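Each remark here refers to the structure printed beneath this line.
Just so it is clear, none of the values below were taken in a lab; they were calculated from the coordinates. Only a predicted model underlies this, so the values are computations on that prediction, with no experimental measurement involved. Here Cβ is always computed from backbone atoms with ideal geometry, including for glycine, and neighbour counts include all displayed protein chains.
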Amino acid sequence: MARILLLIFISWVLISCHSSKHPHRINHSINDSLNMAIDKIYQQGSFNGFAVSVVDERSTLYQKGFGFSNVKEKKPYTENTIQNIASVSKTLVGIALLKAQELGKLNLDDPVQKYLPFTVTHPNFPKIPITIRQLATHTSSIIDNEFYLSKNYFLKPNQNLNGLKLNFDDEQVFNPSDSIISMAVFLENVLAENGSWNKNSFSPHKPGTIYEYSNTGTALAAFIIEKATGKNFSNFTKEYILNPLRMKNSGWSFNEVKFSNFSRLYENPDTPLPYYQTATYPDGGFITDINDLSKFLTELIKGYNGKGTILTQKSYKEYFTPQLTASNFIERNRQNPYNESYNTGIFIGFGYTGYIGHTGGDPGVMSMLFFDPKNNLGRIMIFNTNFSDKKGNDAFYGIWNALEKYQNRLKDIQ
């Protein structure tokens, strides 16, 4: 009997070892195939460096960096490379607004004027209050004027500017580092009744009626969080988002992150840009790596399914509830399923097919973060190089589609 039991035990061990190795081999095979598919697109030369990931509601299924974070120094772009992610940052502003509401510090339907030290009213509709919810849904009538590009971007101090372009697209100016202003000063100049830069800061439409994407409106929402909570926006998000999710490599300014891991940014593969920061940093200045951002997207998927950890179920339901109707749009994007401008929650976008997330673009930055609520799978891409041609566009979406092709197989082997 003992011999029989020993033989059964040995057989079980052999079967178990074989079974445990098999998924491991499959996992490597799928990862290798996906790596090769993406690397083939990278070799076309549209981008210098980027990172991608696939996540579900439990964890990160795949993440990898490609190319270089610094071409001149041949420094690889890895999972630990950090950079700003442009307007994908707005998704954190939405979470922060709802956390402030949970804490009883504000209500989304409050007029913005309740929290501001300067007066903000639409000049053509002075008796109609602009609300926080309107800021969060881009229906406030506040728009980005010419000063958003010319007075908002500032060079990082103490950097070597030799060989670097000091403007972007011939319109966006990188101002000297010693001229930097605060978010409060910028917003007052642009939005206050007697502001020095209050020129075409409001659309012709009545507040609350028409969707008009607004970076300035996003910054104003973050500023209101500061005024309502008494905490710096960066510190508030660190306490209620970054620390709980263990996003240790992320922050809103150069001194909050390990700058040696920061990627060089490029206007195109041959044109490096200087390091910069913005006065309206909450609208696009979040600095992170693919690892931390993947944790954030996993949390969003959990939140959508009622299992989130940084907001209550009630808050997540509001975050993900489409806020607008067809009457709020002059033009509605029904071409690109990964354009967040078909509808919006609280600074989170909806594509026309139901994908939820956000895109981003800034000097030297292209980014995408979306998940599919039908299968709880999400994808992220962060690039350090802009593109403006069909070749770049095809490569960008070619990588995105490669992630989609493999995502179900990655989930099946978990």
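Dimensions of the stretch 226-309 along principal axes (Cα, Å, largest first)?
For the stretch 226-309, the Cα spread along each principal axis is 46, 30, 21 Å.
Roughly how tilted is helix 2-42, in degrees to the nearest 10 and between 0 and 90, from the longest Cα axis of the chain?
With both axes taken from Cα atoms, the answer is about 40 degrees.
Need the list of aspartates and glutamates near Lys374 for cross-linking: C-alpha distance under 15 angstrom, and skip anything on the same chain fewer than eight residues off.
Asp56, Glu57, Glu404
Suppose a student asked you for the relative contact order of the chain, using Cα pairs under 8 Å spaced at least 6 residues apart; what percent would you report?
The value is 25 percent.
Say R0 is 45 Å: what FRET efficiency, to the nearest 0.05, do Asp109 and Ser29 get from their beta-carbon distance?
Efficiency at R0 = 45 Å is approximately 0.30.
Bin by bin, in steps of 10 Å, what percent of the Cα pairs in the chain do you find, going until the bin that has the longest distance?
Distribution as computed: 5, 22, 31, 25, 11, 4, 2, 1, 0, 0 percent.
Out of Gln101, Asn333, Asn384, whose Cα points farthest toward the positive end of the dipole of the stretch 41-412 (charges: +1 Lys, Arg; -1 Asp, Glu; placed on Cβ)?
Gln101
First select every other residue whose beta carbon is under 14 angstrom from the beta carbon of Phe154; then total the charges, Lys and Arg +1, Asp and Glu -1. Display every interim value, and only then the final one.
Values: positive: Lys151, Lys156; negative: Asp178, Asp362.
Every neighbour counted, the sum reads 0.
On a 22 Å Cα-Cα criterion, which of the cross-link pairs Lys127/Lys231; Lys151/Lys199; Lys64/Lys248 come out too long?
Among Lys127/Lys231; Lys151/Lys199; Lys64/Lys248, the Cα-Cα distance tops 22 Å for Lys127/Lys231.
Restrict the search to the stretch 298-394; then list the trypsin sites (Lys or Arg not before Pro) that DSSP places in a loop and that have at most 11 other Cβ atoms within 10 Å of their Cβ.
The qualifying sites are Arg334, Lys374.
Taking θ = phi - 60°, what integer Hz values does the Karplus form 6.51 cos²θ - 1.76 cosθ + 1.60 yield along the stretch 344-355, in sequence order, with x for Gly and Pro?
Running phi through 6.51 cos²θ - 1.76 cosθ + 1.60 with θ = phi - 60° gives 8, x, 9, 6, 10, x, 10, x, 5, 9, x, 4 Hz.
Residue-wise, which Karplus ³J(HN,Hα) couplings in Hz belong to the stretch 296-305, taking 6.51 cos²θ - 1.76 cosθ + 1.60, θ = phi - 60°, and x for glycine or proline?
Coupling constants for the stretch 296-305: 5, 5, 4, 5, 5, 5, 4, x, 4, 9 Hz.
Students often get this wrong, so check it: of Lys40/Lys411; Lys99/Lys411; Lys75/Lys302; Lys295/Lys391, which have C-alpha atoms separated by over 26 Å?
Where the Cα-Cα span goes over 26 Å, the pairs concerned are Lys99/Lys411; Lys75/Lys302; Lys295/Lys391.
Tell me, rounded to the nearest percent, the portion of alpha carbon pairs in the stretch 163-208 spaced more than 14 Å apart.
Numbers: 694 of 1035 pairs.
Roughly 67 percent, once rounded to a whole number.
Calculate the dipole size of the chain relative to its Cα centre from +1 charges on Lys and Arg beta carbons and -1 charges on Asp and Glu beta carbons; express the result in debye to the nearest 20.
For the chain, the charge dipole is close to 1320 debye.
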